[in-house]
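What follows is a single structure, written as structure tokens, with notes after it.
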Amino acid sequence: MLTRKCCRRDTSLAALWAALSFLALSGCSSIGDLGALDPHPVRDGIHDWVGQEAAVRSGAPISAYNLTDDEHALRDLAFPLIEPPYDRQRWDAVVYEWGDKRKFQRELATYDPTAYYAHLQAQLYRSSAARYNQIIDDIRDDIVRIDPFFVIARKVADLDSRRQAAMAQVASLTPGERFNADARIAENSLTIAWVHASLNQRCAGYRFAIERMAVAEPELAAGEADRLLTELTQKIAANEVDVVAAPRFAYASAPAVVLTGTRTR
């Protein structure tokens with residue numbers, strides 16, 4: 001009898017520790033408490049792999065230099081704009097945010113404009129109103145995240161220009177030092193370009209979903225969703241990024257980023 005009680009107690013403790021561990025890990029997610037949006041998902045190193053993945057996808061090497069605080073922030077703010085909106089509430093989201101699932105990273109490199117609508121229909125929503133609310137919430141989250149990302153993107157691009165100017169003045173730099181500096185500039189540039197491409201792609205996904213919902217499940221909420229999507233596309237256009245990438249990375253060449261000024265509407 002005593003053995004059975006001990007076993008039950010051990011099982012209960014194990015379940016409690018598992019629950020506490022999950023709650024601790026969820027604090028590292030870009031989603032805040034109880035699923036609320038965290039517009040500044042800055043965590044120590046959790047998204048550092050984003051810049052490395054951007055480089056690998058383009059055939060560029062990875063810099064051995066430490067990331068600056070701004071470069072950490074760039075990657076932290078980039079991830080929520082790269083991951084699909086329907087992956088934000090996954091129970092294992094923290095594993096994805098650490099970049100520990102290669103399947104997830106491969107999926108980030110592919111684009112299907114119908115995927116968002118398919119996931120929306122697959123969810124166990126009680127009503128069409130709930131599906132519209134999800135579209136509206138996802139678009140609003142992206143609108144909130146855009147400005148903080150491009151503020152830090154402009155800062156990083158400016159500092160990379162200063163880095164290049166400093167490299168030109170320091171004649172004693174070794175080939176390895178120049179290589180790592182160029183590689184870091186490329187990582188930053190490609191990360192910004194990745195976010196810009198992702199934003200345009202997710203707008204196409206939202207558009208596809210709104211149009212199909214307007215036909216299959218017409219609701220007055222479709223008008224609000226369409227209005228917010230227009231606002232989102234305007235924000236993307238106001239933060240245009242022009243990327244001129246070298247065909248292949250070389251010691252003396254790396255992609256260059258030119259950030260245009262914010263437009264007035």
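The values are calculated or read from the model by the stated rules, or taken from the named source; none is laboratory data. All figures in this text were calculated on a predicted structure; none of them were measured in a lab. Counting neighbours? That spans all protein chains shown, and the Cβs are built from the backbone with ideal geometry, glycine included.
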Can you name the number of the only condition in (1) at pLDDT 60 or above; (2) assigned to a helix (DSSP H, G or I); (3) surrounded by fewer than 21 Cβ atoms within 10 Å (Cβ to Cβ) that R75 fails?
(3)
Subset of segment 169-200 (residues that are surrounded by fewer than 17 Cβ atoms within 10 Å (Cβ to Cβ) and within 22 Å of the chain's Cα centre (by Cα)):
A197, N200
Qualifying residue in segment 170-179 (condition: without any contact (Cβ under 8 Å) to a residue 60 or more places away in the chain and among the charged types (D, E, K, R))
yes
For segment 241-258, does any single residue satisfy the condition of being touching a His at 6+ places or on another chain (Cβ under 8 Å) and at pLDDT below 95?
yes
Selection over segment 145-160 where residues are touching a Leu at 6+ places or on another chain (Cβ under 6 Å) and surrounded by fewer than 19 Cβ atoms within 10 Å (Cβ to Cβ) yields a count of 2
Looking at E224, is it part of a loop (DSSP other than H, G, I, E, B) and surrounded by fewer than 23 Cβ atoms within 10 Å (Cβ to Cβ)?
no
Of the residues in segment 146-204, how many are of a type in the set (D, E) and touching a Gly at 6+ places or on another chain (Cβ under 7 Å)?
1
